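Chemist: If you scroll down you'll find the structure; I have some questions about it.
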Amino acid sequence: MSALDWTVVVGYFLVVVAIGWWSKKRIHTIADFFVARGQIPWWLSGISHHMSGYSAVMFVAFAAVAYDSGLTVYVWWALTIGLGVGVGAFLFAPRWNRLRAKHDVKSPLEYLARRYNLPTQQVLAYSGAALKVVDIAAKWVAISVLLKGFADIPLEWGIILTGVATMAYMTVGGLWADVLTDMGQFVIQAVAGVAMLIAVMGELGVGFAWTMWEDLPADHNDPVNDNVTTVLVLAFLLVKTFEYNGGMWNLAQRYMAAPTGSDARRSALLSSGLWLVWPFILFLPMFAAPLIVPNLDNGEESYIQMAQELLPAGLIGLLLAGFFSHTMAMVASDSNVITAVITRDIAPVLVPKVRRLTERAQLTFARITTVIFVSVSMLIAITTGGEGFVLDVVVDLVAATMGPISIPLMLGLLPWFRRNGPTAAIASWAGGLAVWYVVFYIVEDASQAQVVGLPLLTSLVLYIVIGLVKPEGNDERDTLIDSLSTDPVGTGSAAASAPLPEQGRGEGRQEPDERVPAR
């Protein structure tokens, strides 16, 4: 990297820190910190939802798949997400928003204590938080691999650099800093992605998107290739529909932070459209990489080497800044929502004193929790050494276990499952994780479709069947579910809806009303 490249990277870090400090002016309560009081415009929420869905993993692990197998990585990853988010725009996005607008919910798991019971909420909170800390560790490894490839920075220092920078703006700026960084990331990625696309056009010709397939291996233009099957693609479609509509908790926050349920639906449709189009544009140079940097032993280095060969000074720094922004924005997003879960759902049960904290003290507690969580994920990333860790975690572990965690959370929002109570929720969660453990660790030669699909399918079947065999509905649950069908009408409707009981936060005590009028 040249001095100009480093200038661009340093400039990016300064902008990120400036965003964090500017956002601090908007953060006065935990409602600001976690859900921005529902004041994020729908278009910004949609862009943030899209950009929070992937990190530098795309330019490391998925670039390797594109290098080795071609088109199929777009089909089983980006296409399934785009379609899943489009479905969720009508099923889930407005309901997440109405939890905040009508019930003052600040954490995606906060409603579970009333929808099921406290033990159900706690097991989902603990298992999801444990999963997320490992998931984020994979993101640190991904960005450190890129740093080592571009600038020969050791893995440990790459993780520390990005981790400290993320904490610098996330702990002060909350969700506002996260969303605004996503917007900056979108702009940087657009410039860097188009620059790489033009560079590849200069190398292979303007029409390379059509002509390159003749020179690539014959199966690189197949939608299903290598170990990818149609069954696996369908399994990913099911998993991603749950994961990207709230099962991945930070993405539920984007819907909650929009002004109304209708705005949340629009933001989801925008995100869906971006998922269908933009990743394909980014993947085109990756598909062509074997023609530009052939015979690589490690496909994870393909995008790095192609950038070093094709891009001039300055643009490499911009590309690296884009990698940083991918990872830092996603990690910041995950950290914010995990902090919300710990602050709102776990800590008050473990330490009763948390229930009586003032608004300012709760905000301080949330910021401290953010620092601790990010630090633990960095420590895990450093101790792995990075070899093969990224793809194993992101694809095998996260995709497979997200289903059992998200099924009770997501289906609990829908009126069709109003009779599914805590028994169905716990059995679904435990059964799905048990099947994942058997398939992943005990069954020999299990296919990726089985590893990804069977846990979620098990959880789904158990949730539905037990709900039919042992219905556990009651009037309180019915009232909660029915309230999520429509947006509040003016301030009266929003104010009239009772906030969720502050489980574990003291009898008869409510926090100050932080709702804003529906628009």
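Chemist: Out of (1) of a type outside the set (D, E, K, R); (2) modelled with pLDDT under 80; (3) surrounded by 15 or more Cβ atoms within 10 Å (Cβ to Cβ); (4) part of a helix (DSSP H, G or I), what's the single condition that is false for I407?
Modeler: (2)
Chemist: If you don't mind, there's one more thing I want to ask. Taking the range 477-502 as the search range and keeping residues that are closer than 14 Å to Y111 by Cβ and modelled with pLDDT under 85, which one is surrounded by the most Cβ atoms within 10 Å (Cβ to Cβ)?
Modeler: Checked the range 477-502; the qualifying residue surrounded by the most Cβ atoms within 10 Å (Cβ to Cβ) is L500.
Chemist: State all residues of the range 438-463 that are in contact with a helix residue (DSSP H, G or I) (Cβ under 8 Å, 6 or more places away or on another chain) and free of Cβ contacts under 8 Å to residues at least 40 places away in the same chain; if no residue qualifies, say none.
Modeler: V439, V443, A446, Q450, L454, L462
Chemist: I'd like the full set of residues that are part of a helix (DSSP H, G or I) and either crowded, with 22+ Cβ neighbours inside 10 Å or within 11 Å of the chain's Cα centre (by Cα) (or both), limited to the range 233-249.
Modeler: Of everything in the range 233-249, those that are part of a helix (DSSP H, G or I) and either crowded, with 22+ Cβ neighbours inside 10 Å or within 11 Å of the chain's Cα centre (by Cα) (or both) turn out to be A235, F236, V239, K240, T241, F242, E243, Y244, N245, G246, G247, W249.
Chemist: The conditions are (1) within 30 Å of Y303 (Cβ to Cβ); (2) touching a helix residue (DSSP H, G or I) at 6+ places or on another chain (Cβ under 6 Å), and A129 fails exactly one of them. Which is it?
Modeler: Every condition holds for A129 apart from (1).
Chemist: If you don't mind, another one. So A101 clears everything in (1) surrounded by 24 or more Cβ atoms within 10 Å (Cβ to Cβ); (2) touching a His at 6+ places or on another chain (Cβ under 9 Å); (3) more than 30 Å from P217 (Cβ to Cβ) except one condition, right? Which one?
Modeler: Status for A101: all satisfied but (2).
Chemist: Quick one: what pairs do we get from the range 248-263, first residue closer than 19 Å to G128 by Cβ, second part of a loop (DSSP other than H, G, I, E, B) and modelled with pLDDT of 90 or more, C-beta under 6 Å, 6+ apart or different chains?
Modeler: none
Chemist: Go through (1) on the phi > 0 side of the Ramachandran plot; (2) in a helix (DSSP H, G or I); (3) at pLDDT below 85 for L318 and report which single condition fails.
Modeler: (1)
For every residue, the table says whether it meets (1) outside any helix (DSSP H, G or I); (2) farther than 28 Å from I316 by Cβ; (3) acidic (D, E).
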position	(1), (2), (3)
G184	no, no, no
A199	no, no, no
E203	no, no, yes
V206	yes, no, no
W213	no, no, no
P223	yes, yes, no
D226	yes, yes, yes
V231	no, yes, no
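Chemist: Would it be correct to say that A258 is of a type in the set (G, A, S), over 29 Å from G453 (Cβ atoms) and assigned to a loop (DSSP other than H, G, I, E, B)? Working first, answer last.
Modeler: Details: of a type in the set (G, A, S): yes; over 29 Å from G453 (Cβ atoms): yes; assigned to a loop (DSSP other than H, G, I, E, B): yes.
Criteria met by A258.
Chemist: Then there's this: Within the range 350-367, which residues are of a type in the set (V, I, T), part of a helix (DSSP H, G or I) and more than 25 Å from the chain's Cα centre (by Cα)?
Modeler: Once the filter is applied, which keeps residues that are of a type in the set (V, I, T), part of a helix (DSSP H, G or I) and more than 25 Å from the chain's Cα centre (by Cα), the range 350-367 yields only V354.
Chemist: Further question on the same structure: Limited to the range 333-353, what total is found for residues that are in contact with a Ser or Thr (Cβ under 8 Å, 6 or more places away or on another chain) and farther than 23 Å from Y116 by Cα?
Modeler: Number satisfying all stated conditions: 3.
Chemist: Moving to a separate point now. Pick from the range 410-429 the residues that are within 24 Å of the chain's Cα centre (by Cα), assigned to a helix (DSSP H, G or I) and in contact (Cβ under 8 Å) with a residue 60 or more places away in the chain: which of them is surrounded by the fewest Cβ atoms within 10 Å (Cβ to Cβ)?
Modeler: My answer is I426.
Every residue, every condition in (1) within 25 Å of the chain's Cα centre (by Cα); (2) not charged (D, E, K, R), yes or no:
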residue	(1), (2)
F283	yes, yes
E301	yes, no
E309	no, no
G317	no, yes
L320	yes, yes
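Chemist: Could you please tell me which pairs satisfy a Cβ distance under 6 Å, a separation of 6+ or placement on different chains, a first residue in the range 470-488 that is among the hydrophobic types (A, V, I, L, M, F, W, C), and a second residue that is surrounded by fewer than 12 Cβ atoms within 10 Å (Cβ to Cβ)?
Modeler: Note: pairs meeting the criteria are I481/P415.
Chemist: For the range 454-476, enumerate the residues that are surrounded by 18 or more Cβ atoms within 10 Å (Cβ to Cβ) and at pLDDT 90 or above.
Modeler: T458, S459, L460, L462, Y463, I466, G467
Chemist: Follow-up question, since we're still on this one. From the list V141, V145, V133, which residue is part of a helix (DSSP H, G or I), surrounded by fewer than 24 Cβ atoms within 10 Å (Cβ to Cβ) and of a type outside the set (K, R)?
Modeler: V133
Chemist: Also: In this structure, does Y111 turn out to be buried (at least 21 other Cβ atoms within 10 Å of the Cβ), touching a His at 6+ places or on another chain (Cβ under 9 Å) and closer than 30 Å to T479 by Cβ? I'd like the intermediate steps shown before the answer.
Modeler: On the way: buried (at least 21 other Cβ atoms within 10 Å of the Cβ): yes; touching a His at 6+ places or on another chain (Cβ under 9 Å): yes; closer than 30 Å to T479 by Cβ: yes.
Yes; evaluated as a whole, the condition is true for this residue.
Chemist: Continuing with the same structure: Only residues that are at pLDDT below 80 and surrounded by fewer than 17 Cβ atoms within 10 Å (Cβ to Cβ): list them for the range 359-387, please.
Modeler: Of everything in the range 359-387, those that are at pLDDT below 80 and surrounded by fewer than 17 Cβ atoms within 10 Å (Cβ to Cβ) turn out to be E359, T383, G385, E387.
Chemist: Here are the criteria: (1) at pLDDT below 80; (2) farther than 30 Å from Q305 by Cα; (3) among the charged types (D, E, K, R). Tell me which single one K139 does not satisfy.
Modeler: (2)
Chemist: Only one residue in G173, G193 is closer than 22 Å to A366 by Cβ, surrounded by 18 or more Cβ atoms within 10 Å (Cβ to Cβ) and not hydrophobic (A, V, I, L, M, F, W, C), so which one is that?
Modeler: It is G173.
Chemist: Then there is this: Every residue in the range 89-108 that is outside any helix (DSSP H, G or I) and closer than 14 Å to N245 by Cα, please.
Modeler: Across the range 89-108, the qualifying residues are F92, P108.
Yes or no, residue by residue, for (1) surrounded by fewer than 24 Cβ atoms within 10 Å (Cβ to Cβ); (2) more than 26 Å from A138 (Cβ to Cβ):
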| site | (1), (2) |
| --- | --- |
| A258 | no, yes |
| L274 | yes, no |
| F283 | yes, no |
| I292 | yes, yes |
| G317 | no, no |
| A321 | no, no |
| R344 | no, no |
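Chemist: Being of a type outside the set (D, E) and over 20 Å from L109 (Cβ atoms) narrows it down to one of V341, V371, V351, so name that one.
Modeler: V371
The values are calculated or read from the model by the stated rules, or taken from the named source; none is laboratory data. Every value quoted in this text rests on a predicted model; they were computed, and no experiment measured them. Here the Cβ is made from the backbone with ideal geometry for all residues, glycine too, and neighbour counts use every protein chain on show.
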